Structure formats: structure tokens, C-alpha cells
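Visitor: Take this structure first; my questions come after.
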Amino acid sequence: MRRLLLAAALITGTLVPAQADAAAGRCRSYEPLLAALAPRGGWNIPKMSRTMHRESRCTPYVRSRSRDSGLLQINDVNLPYLSSKMGRQITPAALMDPTTNVQAAALLCQYARKAWGSCYTPWRGGA
């Protein structure tokens with residue numbers, strides 16, 4: 001089902017950031033990707049969309065001075081964990097790919113839910 005949703009998002013072009021995203025305070029064009037790649041147990045898609053907007057303004061290739069990368073600004077401290085869980089080398093450049101970034105965020109959400117009781121802890125409570 002996730003692959004089908006992701007394929008539909010790719011085909012319809014809904015993964016391309018839209019100017020309307022900035023005005024909405026959400027990254028609506030990435031919401032199909034957030035839905036398709038949601039972690040086990042799910043997450044609040046509008047909340048993650050607002051978090052994405054706050055973190056990167058819906059721009060997938062953003063890199064901060066504090067070593068955060070991509071749409072959901074995932075910090076380099078997570079790279080070894082993500083690499084082991086995803087079965088491939090995850091680099092800051094890899095996190096600039098929207099699919100990889102959201103997959104990584106889903107893994108961090110699952111980890112945070114087990115460790116601290118909230119999926120949104122890596123983003124300080126989300127939006």
C-alpha cells in the first residue's frame with residue numbers, strides 16, 4: 001500500500017514543493033510522502049507537515065550550520081543509527097533526497113516513541 005501511495009505521489013507530481021506551501025505554513029506537496037512512509041504506529045501528517053515547513057521551508061536540499069539536513073533537518077549525530085537501520089550509508093547528501101529524509105524521520109519517530117514516549121521528540125514537540 002505504501003509503495004502504491006508513493007508511486008501515485010510521484011506520478012501526479014505532488015512531491016514537488018509548491019509556492020502555496022509557504023503561505024500555508026505546511027508542506028502540503030510532501031504530505032502524500034509523509035502518508036506513504038509513515039512509521040509503524042503512524043504519525044500526525046499535518047503536524048509533521050508543519051514541522052517540515054518550520055525546519056526547512058519545504059526545501060529538500062537545506063543544510064544548517066548545526067549539521068542538520070533535508071526537509072526534516074535530521075542531525076548528523078543520527079547518521080550511524082540511520083545507516084544501520086536502513087542498511088546503507090546515510091550521509092548528509094542522502095538526507096537531501098525527500099524520500100530518504102522522510103524514511104529517516106520515520107525511523108527516528110519510532111525510536112523516540114520507544115525511548116521517550118513521543119514520536120515528535122526529535123523535533124522538540126513539532127508544530
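Just so it is clear, none of the values below were taken in a lab; they were calculated from the coordinates. Keep in mind that this is a model prediction, so the values were computed, not measured. Here the Cβ positions follow ideal geometry from the backbone for every residue, glycine too, while neighbour counts run over all protein chains shown.
Visitor: Label Trp116 and Asn44 with points 7 Å out from Cα along Cα→Cβ: what is the distance between them in nm?
Guide: Placing both labels 7 Å beyond Cα along the Cβ direction yields 1.6 nm.
Visitor: Right, something else. Exposure proxy check: Val77, Val102, Val62 ranked by fewest other beta carbons within 10 Å?
Guide: If I rank by nearby Cβ atoms, fewest first, I get Val77, Val62, Val102.
Visitor: On to the next question. Fully extended, how many nm does the chain gain between Val62 and Asn75 (0.36 nm per residue separation, minus their Cα-Cα distance)?
Guide: Values: separation 13, 0.36 × 13 = 4.68 nm, distance 1.19 nm.
Taking 0.36 nm per residue and subtracting the Cα distance, the gain is 3.5 nm.
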